[in-house]
Amino acid sequence: MKMIATMTAALLAASPALAQQAGHQGMNHQGMNHAGMMQPTAADPYGPDMMKMHERMMAAKGADAGETWIRQMIEHHRGAVTMSQTALRSTQNAEIRREAQKTVDSQNREIATLNAMLRKMGKRPQ
């Protein structure tokens, strides 16, 4: 849970629009370096992927709580696909590459299932 709070704080700090939505601007930022938080590095190339996923999740809305959940989960799964693709490009470790590819495959199946649910509800897929 602490990791989720830390990641959320980092994401909000990197996006003034998201921070404003979350009321984050009033928080004490003393000692925090926001400029480099989401910059990719060799050891952590995932910041931009995570930011994009978070922004898309926040923007995904439906007519009711169920449709919103589906649309936000689709973006969540797409974020996992993107992060896994980054891992595939960034590492030569065979075990990590196998797991990353399994994640791509399983998350794409989940996206297809969620889009099928939207169609069944008479909604446009995303």
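The values are calculated or read from the model by the stated rules, or taken from the named source; none is laboratory data. As the structure is a computational prediction, the values presented were derived from the model and not from experiment. So basically every Cβ, Gly included, is an ideal-geometry build from the backbone, and we count neighbours across all protein chains shown. All accessible areas refer to the heavy atoms of the entire protein, side chains included, with ligands and DNA or RNA removed. Shrake-Rupley method; radii C 1.70, N 1.55, O 1.52, S 1.80 Å.
Sorted from longest to shortest, the spans of the Cα atoms of region 42-113 along the three principal axes equal 44, 24, 11 Å. Per residue, the solvent-accessible area of region 43-121 (1.4 Å probe, heavy atoms of protein chains only, all protein chains present) comes to 59 Å². Quote the FRET efficiency, to the nearest 0.05, computed for Asp44 versus Lys120 with a Förster distance R0 of 30 Å and r equal to the Cβ-Cβ distance. Approximately 0.15, to the nearest 0.05.
Summing charges over all other residues whose Cβ lies under 14 Å from the Cβ of Arg119, with Lys and Arg as +1 and Asp and Glu as -1, gives +3. Net charge within 13 Å of Gly62 by Cβ-Cβ distance, Lys/Arg positive one each and Asp/Glu negative one each, not counting Gly62 itself? Net charge around Gly62: +1.
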